[in-house]
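Here the structure is laid out as structure tokens; the discussion comes afterwards.
Any read-out appearing in this document is the output of simple, stated calculations on the displayed coordinates, not a laboratory observation. Given the structure is predicted, the values throughout are model-derived calculations rather than measurements. Here Cβ is always computed from backbone atoms with ideal geometry, including for glycine, and neighbour counts include all displayed protein chains.
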Amino acid sequence: MGSRTGSHWIEHWEPENEQFWESTGKKVASRNLWFSILAEHIGFSVWTLWSVMVLFMGKDYGFTAADKFLLVSTPTAVGALMRLPYTFAVARFGGRNWTVISAVLLLIPTILAAIVLEPGVSLSTLMIVAALGGVGGGNFASSMTNINTFFPEKRKGWALGLNAGGGNLGVAAVQLVGLLVIGTVGAAQPRLVLYIYIPLVVVAAVLAWLYMDNLSTVRGDTKAMREVIKDPHSLVMSFLYIGTFGSFIGYSFAFGLVLQNQFGRTPLQAVAVTFLGPLLGSLSRPVGGWLSDRLGGGKVTFGTFALMGSATVVLIIASNAKSLALFTIAFIVLFVLTGVGNGSTYKMIPAIFRAKAKVAIEAGADETTELLKARKLSGALIGLAGAVGALGGLFINLAFRESFASAKSGVPAFIGFLAFYGVCFVVTWAVYLRKQPSTVTSTRGLALAGAEV
């Protein structure tokens, strides 16, 4: 039985033990999952807040399209960098404790934005406040690392997909709130969005404090990140995650601005559509995990990159034809595919280390030790890949900024994205699906059986 002390620390945790899981683990893990989703959801909303705030910035603010793309790039970059220390924080402070701390930190950028956001404010001031909003991006890494340790291998695809998808819904939620405000009181009241989120941050922190737990089995384990960085799979999976999550978060920030600048949409017209992409992309993320549980993460990721490339081709065609309807449909389809790819790539990570653990166990290593090591390493790589992958969002917004500054269109950027998805497609096949030996011969090698991943 798992023991839960008054300080919310659980001393014994064996999710791979079916009896333990059914009697104790499932209930505890599910409770932590749902409150983790809530806190992460609010974190995503704060992180992507500026994708909505820029829609309130009319001519009286004096910012160009390039300025706005630079502004939304800032929290993307900071959020990516924050993911590494946030991953370590779970081992240092405990998953529940850090969820509370990270939620409270969201108050800083939200309150500051409410203070400074008005016509006449300088771009540099807004960039500083937007940069502080990057702490919301860090929440994802700590949340995923924490939830990864609670669930058994065969349920991780769904659990991680649900956790990530529920968090990602924060992007759509903040855009819906923006739509509600613009549609009811106009584009001159951006502070109303912030006034809605400040109490929600407090609610998320309080509920995490009351109902979540820390696992002693991962306490103080700061060596996992150093070990996982040396593993070749870390480079590969981080690269693939740039293509999936990096695309999701980058497009989430940029979609509204692209519609405004390429098709002349008003703020209300833009935000009325932009929420659909992040919403459907978030909902499709658990589907990607679910499919990967059944078909294998490598196969799902491979197919997803092929379809993402196809959707990007349609975007280029629609842009050249100036077809708003085709462009919008293709962009939303691309969002859905990024969600599926998010779920499948995160399913691949624990599967990789589980496969390595199996080889070590067959060679005579202790089963409990190897499975615990696999959970710790996969949690570390989830944080690392999340940090590197989020930088894809920065690259996407900088690409759009340059594309609109030089060509007054997003087509050059889309051509670059298409080439990148092609590389991801080839890498997925070469590393995880190409015919290889049926067993892993080295814990440091790239050769893994495709069925394992």
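Residue pairs exceeding 30 angstrom between C-alpha atoms, taken from 27/376; 68/299; 299/408: 68/299; 299/408. Just to check I understand the Karplus step: with θ = phi - 60° and J = 6.51 cos²θ - 1.76 cosθ + 1.60, what whole-Hz values come out for region 78-91, glycine and proline as x? Once rounded to whole Hz, the list reads 5, x, 5, 5, 5, 5, 5, x, 5, 5, 4, 4, 4, 6.
Packing around the peptides 254-260, 192-198, taken as the average count of other Cβ atoms within 10 Å per residue, puts them in this order, highest first: 254-260, 192-198. With an 8 Å cut-off on Cα pairs and a minimum separation of 6 or more residues, tell me the relative contact order of region 86-225 in percent. That works out to 48 percent. Think of the chain as a dipole: +1 on every Lys or Arg Cβ, -1 on every Asp or Glu Cβ, centred on the Cα centre; then among 97, 197, 287, 287 lies furthest on the positive end. Taking only the Cα atoms of region 332-427, the ratio Rg/Rh comes out at 1.17, with Rh defined as the Kirkwood radius.
Database remark: amide H of residue 215 closer than 5 angstrom to the amide H of 10, 95, 96 (H placed geometrically; neighbours at sequence offset of 5 or more, or on other chains; Pro and chain starts carry no H).
Computed from label points 7 Å out along Cα-Cβ, the spacing between residue 195 and residue 31 is 3.7 nm.
With contacts taken as Cα pairs under 8 Å at a separation of at least 6 residues, region 351-418 carries a relative contact order of 21 percent. Between residue 226 and residue 402, what is the label-point separation in nm under the 7 Å Cα-to-beta-carbon projection? Simple spin-label model gives 3.7 nm for this pair.
Take every pair of alpha-carbon atoms less than 8 Å apart whose residues are at least six positions apart; their mean separation over the length of the chain yields a relative contact order of 24 percent. Annotation: peptides 226-236, 367-377, 161-171, 67-77, ranked by per-residue average of other Cβ atoms within 10 Å with the highest first, follow the order 161-171, 67-77, 367-377, 226-236.
The length gained on full extension between residue 59 and residue 185, counted as 0.36 nm times the residue separation minus their Cα-Cα distance, comes to 43.6 nm.
Once the Cα-Cα distance is subtracted from the 0.36 nm per residue extended length, the residue 415 to residue 104 segment shows a gain of 107.9 nm.
Relative to the current alpha-carbon distance between residue 123 and residue 67, full extension at 0.36 nm per residue lengthens the span by 19.4 nm.
When each of the peptides 153-159, 95-101, 404-410 is scored by the mean number of other C-beta atoms lying within 10 Å of its residues, the order from highest to lowest reads 95-101, 153-159, 404-410. The angle between the Cα long axis of helix 123-132 and the longest principal axis of the Cα atoms of the chain comes to about 20 degrees, rounded to the nearest 10. Its DSSP H runs of at least 4 residues, each contributing -39,500 (n - 2.57), put the calculated 222 nm mean residue ellipticity of the chain at -26500 deg cm²/dmol, to the nearest 500.
Here's the list of lysines a cross-link from residue 26 could span, going by alpha-carbon distance under 17 Å and ignoring same-chain residues fewer than 8 apart: 154, 156. Once the Cα atoms of helix 191-211 and of the chain are each reduced to a long axis, what angle between those two axes, in degrees from 0 to 90 to the nearest 10, is obtained? The helix 191-211 is inclined about 10 degrees to the chain.
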